[in-house]
Amino acid sequence: MSIRHGLLALLERGPRYGSQLRTEFESRTGSTWPLNVGQVYTTLSRLERDGMVTQEGEDEAGHALYVITETGRAELRSWFRTPVDRASPPRDELAIKLAMAVGAPGVDIREVIQSQRHHTIQAMQDYTRLKAQALEAVPTDRDEVAWLLVLEQLIFQTEAEARWLDHCEVRLIRLAMMPGRGGTQPETPPGNPAAGSTPASATGSATAPASSAPASASAPSGGSTAD
Amino acid sequence: MARKSHQPHQSQPSQPAPPQQHSSKRPVLQLQELTRVHGSGATEVHALRGINLDVFPGELVAVMGPSGSGKSTLLTIAGGLDSPSSGRVIVEDTDITTVDRKQLAALRRRSIGYVFQDYNLIPALTAAENIALPRELDGTSARKGRVEALAALREMGLEELADRFPDEMSGGQQQRVAIARALVGDRRLVLADEPTGALDSETGESVLALLRTRCDAGAAGILVTHEPRFAAWADRVIFLRDGAVVDQTLRSQADSLLTGQAAEL
């Protein structure tokens, strides 16, 4: 997340004090990414070092008033023009976790998936509730609109995650059902997870989806942080 | 009503709604040990295996699960369109598995509203007439039926649709009318089977928002969907697999997400 550019964008609307910048940043993004004052001042001093902002006087309490420079404006324009880089995807803990869960001994990957799905859908419920509130108030000023956009981004992101989890589950089931898929690995790789319940999915003889491996690697099971 | 949304961690805690907190209210719908077996012998298929579910007034419950998990079976049995192999379905204190056909039909007219993917409005009737129909079938006079239908439309801000025929309405408008029909009169239970399936996502969203509003106003709803984004409008999301509930989420306090630790993720 670019605090740097966020602050420049706010400063373009006029000179601001550090604490003001923090408040405005947060109201734009609905406190989704809270900033502390320290971060704000560190960022401002780097911006100042790079010639993008300057100090112009201070208030009675000695807080500096910051102003954007021409260099800063140019930087900001170029930020808006340039797409966010996707070339080096950020590390995603969930992707890493599932990658590691494939074939991991004693790990029921379906449990891992379900516990994540629970958590992800619950997050979507929360975001959706906030969105419903935001819409009820008919967003008018730009902070409210900005907050709505941020919220919807969170919803889209969690939705993508939920869909991906569904996809992973289906893929694993399909792989597990493929007869004699070779490989030198132990019998179980991605079969392990689904093995218990897959054949049941259509006709259903085995009852419990939860299989042999309780809790070992699905440690964050239950998934819910909040309740 | 709800104000100032962009400080979620300060917004008043939206009461979490685990079922037990409803103890003062009676559920509109209760499913008890519900099973449904199709076929017999070697070809026997257990579509539902011992489902227990209470849905309270004011609550919207989403049911998710892979195809074949039993979602739609659950809904058709809850609405009295199919019978369980065992277990009880109690709608507003009446066990609909024990009543005779006539009583069941009356109960369906009076207490249960259905919303389908393809709207199922009667093409030859206007929106208001479609909404009034279940009331008239139930013995309400045509005039009173129309008054109620107009009230239902007004409550949803849809008055201007009253005299339009289904083919004069968009899909989203038809689905809104279907929701009005589902909840006309004393009906408090709405069963929605992929109600957004035929709609673009924006329209689907607004239909869900309407369903949400109706539940907030006191109706009880079950929503079957495979779309996480629509399920997210519910108070509870139930995950079905192979005919059994494997997991469910509860409404939590939205505050918990947007606090400090979210920033560190």
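Can you tell me how many residues within the range A:95-139 are within 12 Å of another protein chain (Cβ to nearest Cβ), among the aliphatic types (A, V, I, L, M) and either out of contact with any strand residue (DSSP E or B) (no Cβ under 7 Å at 6 or more places or on another chain) or outside any helix (DSSP H, G or I) (or both)?
Residues that pass the stated criteria total 9.
For the range B:1-55, which residues satisfy the criterion of being at pLDDT 50 or above and in contact with a Gly (Cβ under 6 Å, 6 or more places away or on another chain)?
B:32, B:33, B:34, B:35, B:45, B:46, B:47, B:48, B:49
From the list B:182, B:149, which residue is within 18 Å of residue B:206 (Cβ to Cβ) and surrounded by 22 or more Cβ atoms within 10 Å (Cβ to Cβ)?
On inspection, the qualifying residue turns out to be B:182.
Looking at the range B:49-64 only, could you name the residues that are at the interface with chain A (Cβ under 10 Å from one of its Cβ atoms) and under 22 Å from residue A:166 (Cβ atoms)?
B:49, B:62, B:64
So which residues in the range B:36-68 are within 13 Å of residue B:240 (Cα to Cα) and of a type in the set (Val, Ile, Thr)?
Listed by number, the residues that qualify are B:51, B:61, B:63.
Hey, could you check the range A:2-49 for residues that are part of a helix (DSSP H, G or I) and among the basic types (Lys, Arg) and say which is farthest from the other protein chains (Cβ to nearest Cβ)?
Among those that are part of a helix (DSSP H, G or I) and among the basic types (Lys, Arg), it is A:49.
Under 15 Å from the mean Cα position of the chain (by Cα) and either among the basic types (Lys, Arg) or surrounded by 17 or more Cβ atoms within 10 Å (Cβ to Cβ) (or both): is that true of residue B:133 in this structure?
No.
Mind checking which residues of the range A:51-93 are in a loop (DSSP other than H, G, I, E, B), closer than 30 Å to residue A:158 by Cα and not charged (D, E, K, R)?
A:82, A:83, A:84, A:87, A:88, A:89, A:90
Spot the failing condition for residue A:9; the list is (1) touching a Lys or Arg at 6+ places or on another chain (Cβ under 7 Å); (2) under 20 Å from residue A:149 (Cα atoms), and only one is missed.
(1)
Kindly indicate whether residue A:115 is within 25 Å of residue B:237 (Cα to Cα) and surrounded by fewer than 21 Cβ atoms within 10 Å (Cβ to Cβ).
yes
Six or more apart or on different chains, Cβ atoms under 9 Å: show the pairs whose first residue is in the range B:24-38 and outside any strand (DSSP E or B) and whose second is hydroxyl-bearing (Ser, Thr, Tyr).
The qualifying pairs are B:28/B:111.
Taking helices (runs of 4 or more DSSP H) that fall entirely within the range B:155-265, which contain at least 2 residues that are modelled with pLDDT of 90 or more?
Helices (runs of 4 or more DSSP H) meeting the threshold: B:171-182, B:201-216, B:228-231.
With respect to residue B:151, determine if the residue is among the hydrophobic types (A, V, I, L, M, F, W, C), modelled with pLDDT under 90 and either within 21 Å of residue B:130 (Cα to Cα) or not in a strand (DSSP E or B) (or both).
No, not satisfied.
Within the range A:71-93, can one find any residue that is in contact (Cβ under 8 Å) with a residue 60 or more places away in the chain, in contact with a helix residue (DSSP H, G or I) (Cβ under 8 Å, 6 or more places away or on another chain), within 8 Å of chain B (Cβ to nearest Cβ) and surrounded by fewer than 18 Cβ atoms within 10 Å (Cβ to Cβ)?
Among the residues of the range A:71-93, not one is in contact (Cβ under 8 Å) with a residue 60 or more places away in the chain, in contact with a helix residue (DSSP H, G or I) (Cβ under 8 Å, 6 or more places away or on another chain), within 8 Å of chain B (Cβ to nearest Cβ) and surrounded by fewer than 18 Cβ atoms within 10 Å (Cβ to Cβ), which makes the answer no.
Can you tell me which residue in the range A:23-33 is farthest from residue A:153 (Cα to Cα), limited to those that are polar (S, T, N, Q) and without any contact (Cβ under 8 Å) to a residue 40 or more places away in the chain?
A:23
Under 8 Å between Cβ atoms, at least 6 apart or on separate chains: pull out the pairs that start in the range B:155-167 with a residue that is closer than 11 Å to residue B:125 by Cβ and end on any residue that is surrounded by fewer than 14 Cβ atoms within 10 Å (Cβ to Cβ).
B:165/B:123; B:165/B:124; B:166/B:122; B:166/B:123
Would you check if residue B:80 is touching a residue at least 24 places away in the same chain (Cβ under 8 Å), over 16 Å from residue B:240 (Cβ atoms) and in contact with a helix residue (DSSP H, G or I) (Cβ under 6 Å, 6 or more places away or on another chain)?
yes
Return the residue satisfying two criteria in turn: it lies in the range A:43-60 and is surrounded by fewer than 16 Cβ atoms within 10 Å (Cβ to Cβ) and in contact (Cβ under 8 Å) with a residue 40 or more places away in the chain, and of such residues it is farthest from residue A:2 (Cα to Cα).
Within the range A:43-60, the match that is farthest from residue A:2 (Cα to Cα) is A:59.
Every residue, every condition in (1) in contact with a Phe, Trp or Tyr (Cβ under 8 Å, 6 or more places away or on another chain); (2) in contact (Cβ under 8 Å) with a residue 24 or more places away in the chain; (3) acidic (Asp, Glu), yes or no:
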| residue | (1), (2), (3) |
| --- | --- |
| A:6 | yes, no, no |
| A:10 | yes, no, no |
| A:18 | yes, yes, no |
| A:35 | yes, yes, no |
| A:38 | no, no, no |
| A:41 | no, no, no |
| A:62 | no, no, no |
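The values are calculated or read from the model by the stated rules, or taken from the named source; none is laboratory data. None of the values given here were measured: they were computed from a predicted structure. Reconstructed Cβ throughout: ideal geometry from the backbone, glycine too, with neighbour counts over all protein chains shown.
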